[in-house]
1. Could you pull out every one of the strands (runs of 3 or more DSSP E) wholly within the range 183-280 that has 1 or more residues that are in contact with a Pro (Cβ under 7 Å, 6 or more places away or on another chain), within 15 Å of Gly170 (Cβ to Cβ) and of a type in the set (A, V, I, L, M)?
2. Take Arg354 and decide whether it is under 28 Å from Gly194 (Cα atoms), in a strand (DSSP E or B), of a type in the set (Lys, Arg) and outside the structural domain of Tyr150 (by TED's automatic domain parsing).
3. What single numbered condition from (1) surrounded by 15 or more Cβ atoms within 10 Å (Cβ to Cβ); (2) touching a Ser or Thr at 6+ places or on another chain (Cβ under 9 Å); (3) at pLDDT 95 or above fails to hold for His234?
4. Among the candidates Thr153, Thr141, which residue alone is over 24 Å from Thr333 (Cα atoms), crowded, with 19+ Cβ neighbours inside 10 Å and assigned by TED's automatic domain parsing to the domain that holds Ala246?
5. Any idea which of Val259, Val339 is modelled with pLDDT of 95 or more, crowded, with 22+ Cβ neighbours inside 10 Å, within 12 Å of the chain's Cα centre (by Cα) and closer than 24 Å to Gly186 by Cβ?
6. Condition first: modelled with pLDDT under 95 and either under 20 Å from Ala242 (Cα atoms) or assigned to a strand (DSSP E or B) (or both). Can you find one or more residues in the range 163-178 that meet it?
7. For Val235, all conditions in the list (1) β-branched (Val, Ile, Thr); (2) assigned by TED's automatic domain parsing to the domain that holds Gln207; (3) touching a residue at least 60 places away in the same chain (Cβ under 8 Å) hold save one; what is the number of the exception?
8. Test of understanding: among Gly287, Gly309, which residue is among the small types (Gly, Ala, Ser), buried (at least 24 other Cβ atoms within 10 Å of the Cβ) and not assigned by TED's automatic domain parsing to the domain that holds Phe166?
Amino acid sequence: MSGRGAGAKRFLRWGTAVAVTLSLLAGCQATPVETANTQIAAVSAAMPTPTLKPALAQPVIEYSEPPPAAEMPSFSLSRGDDEAEVVSAQENTADVVVATAVPSPTPTPNLPTATPTPPNLRYTLPEEHYWFWRPIHEGQTNWTDKVYPYGSTRGGTLQPHHGVEFYVPGGTAVLAVADGTVVYAGSDSEQVFGPQPNFYGNLVVIQHDTLWEGQPVFTLYGHLSEPQVVEGQHVLMQQQIALSGATGVAEGPHLHFEVRVGENTYSHTRNPRLWLYPFPDRGTVVGRITTSTGEVWHELVVSLSSSDGANIGHTTTTYAADGLNSDPLWNETFAFDDVGAGTYKAIVQIGEKRVTQEIVVQPYRTTVVEIIIDAPPPTPTSEPTP
């Protein structure tokens, strides 16, 4: 994962960062954790209250909330009597180390200029690059699938995912997520965009009008039944560009959506959950789970549980080992999108044990969690299926 140092500095600036260190003996996961040896450090950044600012030239869209059963993976988080729980920093005040954090900058509107500038949308910070509206119309399934998110192998059954899915019927209108120029529209049977020919089937790729830290940004729309734009055509945000389908390697009709930064290649993807504009009153949670020596835990179950029951829960896994990119802004190994504002317990399952940490999610903001587990990560035991 690149950008670790820069990402750590940004934890203090743009998110609410929480670091938890849990000491476990290697190969002894069934042994209860001695909470007396547990170290917790919390760093809180004062987040600005979202204020209404002049809107850019963008569509006026009111998103409906996704259904309560947003297709969450059915991971069990039942707790046995021998499970060890790390108490929150608020409860274990004797071990808390409070650091002074740099407040987040106050959001300012981006005015049109001759030089492309990041099109930060209402209530968001420019640094957090929530640039894109949904590629599916309001009133349809315009939330990302939670079973096979970016970085997942769906329990080891598929190859690591380089995008996200929108499960819509075939023939559903597909929309450009922001202004840009079509750089490809057609089949990938000859020009390869993925790990093999005819992987995406019919696809559209757009290079957007703005740069991210000097690099071009592309979005890819795959498995289409019918591209409706041509190469070289300039399109506007929310303009219809295609119809969804099941071409290429697809189990059924849906839209596959990717974000690529720097180059229009399979190896330059980023997690789209960190680029799509949040639903109203919702935020994003990102985090890292590593050992004390910096080794990354791959495909570890991470969940969010609403502390007061006011919001639905969320479950995901940390990224698989190969070919996936963290965002230099966060250096994350997992991400949750569209999390209702409120207080949660972030839960990490380690065999029969679990670690929890209280976090607060704010609307249109990113909350960052860093968990350090002082034990060697498990070695993958199976190869993903292409």
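1. Output list reads 240-244, 255-261.
2. On the way: under 28 Å from Gly194 (Cα atoms): no; in a strand (DSSP E or B): yes; of a type in the set (Lys, Arg): yes; outside the structural domain of Tyr150 (by TED's automatic domain parsing): yes.
Taking the combined requirement at face value, the residue does not satisfy it.
3. Unmet condition: (1).
4. Numbers: Thr153 fails: over 24 Å from Thr333 (Cα atoms).
Just one listed residue meets the conditions, Thr141.
5. Of Val259, Val339, the one residue that is modelled with pLDDT of 95 or more, crowded, with 22+ Cβ neighbours inside 10 Å, within 12 Å of the chain's Cα centre (by Cα) and closer than 24 Å to Gly186 by Cβ is Val259.
6. no
7. (3)
8. Details: Gly309 fails: buried (at least 24 other Cβ atoms within 10 Å of the Cβ).
Step by step, each of Gly287, Gly309 is checked, and only Gly287 is among the small types (Gly, Ala, Ser), buried (at least 24 other Cβ atoms within 10 Å of the Cβ) and not assigned by TED's automatic domain parsing to the domain that holds Phe166.
The values are calculated or read from the model by the stated rules, or taken from the named source; none is laboratory data. Remember, it's a predicted structure, so these values are computed and weren't measured experimentally. Reconstructed Cβ throughout: ideal geometry from the backbone, glycine too, with neighbour counts over all protein chains shown.
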